[in-house]
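Heads up: the structure comes next, in structure tokens.
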Amino acid sequence: MMGVHWKSGVGFSGLLVLALLGGCSSVAPPTAPSGDRTVPVQPGPVDRRAALPATVAVERQWLQSWFEGTPVSIVLRGGRSITVDVPNEHCFDPGRTRVKPALAAVLDKVAQSMRRMPFSAMPLIAAPDDASGRKRLGQQRAAQIHKHLRSAGVPAARLGQPTTTTADAVQLRIDVEEP
């Protein structure tokens, strides 16, 4: 019994000494070349605004990887927006408002993407009118898309008002705001 305590005590002491020594070591700051001389690079605050375009681009690639080879269009716009267009034939049956499984899969991934980007919002949820141009059907479809995103965990405050479009696709736009 005594040997067990002694060994565990040495192990803990050894770890403590290593941790203290690691904290005491002095390492020169990284340097960046500047002409003929070297200038120390001082760590500073991270500019989150500068990181946004990279985050949005990565998110666009992540979404694109899910829908590669499908007719879903995912485009990066202006470094802070991702547009997702899903052709109407994959979204709703003619004259109906029920979301088809293909659109539901896209909406689920868009919702997951929005949860991964906490400063994102979807100001535009546009669903097409039917071929006869019935605006009310388009509004009902847009409301169903909104409802689906809410049920997938996107807070209502991050979703804009559903609207209609004359395009032949459901149009979603994810904007990333500055924190």
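The values are calculated or read from the model by the stated rules, or taken from the named source; none is laboratory data. All values derive from a computational prediction rather than experimental measurement. Positions of Cβ are backbone-derived with ideal geometry, glycine not excepted, and every protein chain shown enters the neighbour counts. Calculation scope for accessible area: heavy atoms of the full protein, side chains included, ligands and nucleic acids excluded. Shrake-Rupley method; radii C 1.70, N 1.55, O 1.52, S 1.80 Å.
Observations on the structure shown:
- Qualifying residue in the range 115-124 (condition: open to solvent by 20 Å² or more (accessible area, probe 1.4 Å) and in a loop (DSSP other than H, G, I, E, B)): yes
- Selected residue [farther than 24 Å from residue 66 by Cα and surrounded by 15 or more Cβ atoms within 10 Å (Cβ to Cβ)] from 143, 157, 169: 143
- Subset of the range 112-146 that is in contact with a Ser or Thr (Cβ under 9 Å, 6 or more places away or on another chain) and small (Gly, Ala, Ser) - its residue that is modelled with the lowest pLDDT: 133
- The lone criterion from (1) closer than 14 Å to residue 170 by Cα; (2) touching a Ser or Thr at 6+ places or on another chain (Cβ under 6 Å); (3) of a type outside the set (Lys, Arg) left unmet by residue 99 is number (2).
- Residue count, the range 78-95 (criterion: surrounded by 20 or more Cβ atoms within 10 Å (Cβ to Cβ), of a type outside the set (Val, Ile, Thr) and in contact with a helix residue (DSSP H, G or I) (Cβ under 7 Å, 6 or more places away or on another chain)): 2
- A Cβ distance below 7 Å, combined with a sequence gap of six or more or placement on separate chains, defines the contacts here; from the range 78-93, residues that are in contact (Cβ under 8 Å) with a residue 60 or more places away in the chain and farther than 24 Å from residue 54 by Cα reach residues that are charged (D, E, K, R) and open to solvent by 10 Å² or more (accessible area, probe 1.4 Å) in the pairs 87/168; 88/168; 91/100.
- Selection over the range 154-179 of residues that are within 21 Å of residue 105 (Cα to Cα), touching a helix residue (DSSP H, G or I) at 6+ places or on another chain (Cβ under 7 Å) and in contact (Cβ under 8 Å) with a residue 60 or more places away in the chain gives a count of 5.
- Considering (1) over 24 Å from the mean Cα position of the chain (by Cα); (2) buried (at least 20 other Cβ atoms within 10 Å of the Cβ), the lone condition that residue 149 does not fulfil carries the number (1).
Each row is one residue, and each column tells you yes or no for (1) at pLDDT 95 or above; (2) open to solvent by 50 Å² or more (accessible area, probe 1.4 Å); (3) outside any strand (DSSP E or B); (4) not basic (Lys, Arg).
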| position | (1), (2), (3), (4) |
| --- | --- |
| 53 | no, yes, yes, yes |
| 69 | no, yes, yes, yes |
| 76 | no, yes, no, yes |
| 97 | no, no, yes, yes |
| 103 | yes, no, yes, yes |
